[in-house]
1. Which value, in debye to the nearest 20, gives the size of the charge dipole of the chain about its Cα centre, when Lys and Arg are +1 and Asp and Glu are -1 at the Cβ?
2. Could the peptides 285-291, 259-265 be put in order, highest first, of the mean number of other beta-carbon atoms found within 10 Å of their residues?
3. Over every pair of different alpha-carbon atoms in segment 160-277, take the mean of 1/r and invert it; report that Kirkwood radius in Å.
4. Which length gain, in nm to one decimal place, applies between Arg71 and Leu348 when the Cα-Cα distance is subtracted from 0.36 nm times their residue separation?
5. Sequence-distant or interchain residues sharing an amide H contact under 5 Å with Leu230, placed H: which?
6. Could you tell me what a quarter of the Cα convex hull surface of segment 332-388 works out to, in nm² with one decimal place?
7. Using the number of other C-beta atoms within 10 angstrom as an exposure proxy, rank Cys402, Cys82 with the fewest first.
8. Run the quick spin-label model on Glu180 and Val358: label points 7 Å from Cα toward the beta carbon, then report their separation in nm to one decimal.
Amino acid sequence: MDSLKITGGTPLEGEVRISGAKNATLPILAATLLANGPVSIANVPHLRDVTTIIELLGHMGAAVTIGERMRIEVNPTTLRHCRAPYELVRTMRASILVLGPLLSRFGQAEVSLPGGCAIGSRPVDLHVAGLKALGADIHVENGYIQARAERLRGARLVLDTVTVTGTENLMMAAALADGETIIENAAREPEVVDLAAFLNAMGAGVTGAGTDTIVIAGVEALHGTDYAVLPDRIEAGTYLVAGAITSGLVRVKGVRPEHLDAVLIKLRASGADIVIGEDWIELDMRGRRPRSVDVRTAPYPAFPTDMQAQFAALNVIADGVGTIVETVFENRFMHILELQRMGANIRLQGNTAVIRGVDHLTGAPVMATDLRASASLVLAGLVAEGDTTVRRIYHIDRGYECIEEKLELLGARIERVSG
Ligand code: UD1
């Protein structure tokens, strides 16, 4: 199993190109199932989770071709069956995203229930309830969601909790439904907006994405198209924190700065100078120690839960006391114990971590437990004295493209160690 060995202490300096967004790529690849012809997707990041969804599409019989620079072409018309097996779903919860498109396009779906997840229970009850309201017949048998429908019928859906993949699943299902669907309390994340734009490029009638009310006018069929995925705001945010935590100067290129508003507010509060261009952001923290910041996660446009662990790492070496409140997921603090092993001073109380900054961390062998937790351990390693080995980095490969190459370009001392 690969590890990352990091020798801390170098302020990062330079620029880094941001990849396509994982969380937009996954629903968009699932949505290709809705088309009645080949679809071509560009700016796809080369990540473990993306490989998993490609494997899943291929497993069901879709013809998938990976072209130069990860341009993915999917022809869903060759599909042989509509079963997403446990072996694939268990490695990636987001496989549930094929449920809506399969049901709506092929009238049936058999999707394994995702197993327990390291960051809380993460149920899919809202996906299922929404599809039932659209007329599907759904029950759970032998650990599989068994779903059938003649043609889904448009309906007004009110989501109990703001759910990103839930909103996406229902939007995809409604795209081919008979009549109009209204999703109230919809997620407003940029990745939801990107999926809506992709659906519309295939001929769908989605309006209101980016607000909490999405209206989908169902159409008879969707056609193939060419589409490029939006840049990854979480990857961009993570490299900016890498600049801040090492008192460096980092410019992220190829981003949509407006998607990072909540993160940039906190980076400014931590003392960083931020300059924003049309598609780049530069952070300058040279010669300064970051100040602690208070963070409270919530659905977009508030501070993203996927940046929480990285800001915990930043607070660990910052000047002062910072409080992190996690409101989206229960049990998303596994990085805290590992950070403590590097010398962090953190008190956990329910969904709140109170972090008193220390003036140095010491390198240690640490274990990654989920995707963003691993990112926080890498960040801590960049600033710790001596060597940090982050184990189980398959988590990081699920969401960060070429992380060691990108950090190396910024001057970090980092290497991948096999075995
Ligand atoms: C997506 C993102 C993930 C991010 C999260 C929150 C993808 C592939 N993943 O995950 O990176 O951390 O949004 O921004 O886009 N919930 C229910 N019932 C449901 C569905 C969700 O109770 O049927 C709850 C969850 O337990 C959680 C909250 O809703 O407490 C938000 O979860 P959700 O937005 O669904 O997360 P994901 O879509 O799984």
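What follows draws every value from the coordinates through simple rules; no lab data is involved. Source: prediction; values computed, not measured. Positions of Cβ are generated from backbone atoms using ideal geometry, with glycine treated the same way; all protein chains shown enter the neighbour counts.
1. Roughly 620 debye for the chain.
2. So the peptides 285-291, 259-265, ranked by packing, come out 259-265, 285-291.
3. Here the Kirkwood hydrodynamic radius works out to 16.1 Å.
4. 95.4 nm
5. Ala21
6. 3.5 nm²
7. Fewest to most other Cβ atoms nearby, the residues stand as Cys402, Cys82.
8. 5.9 nm
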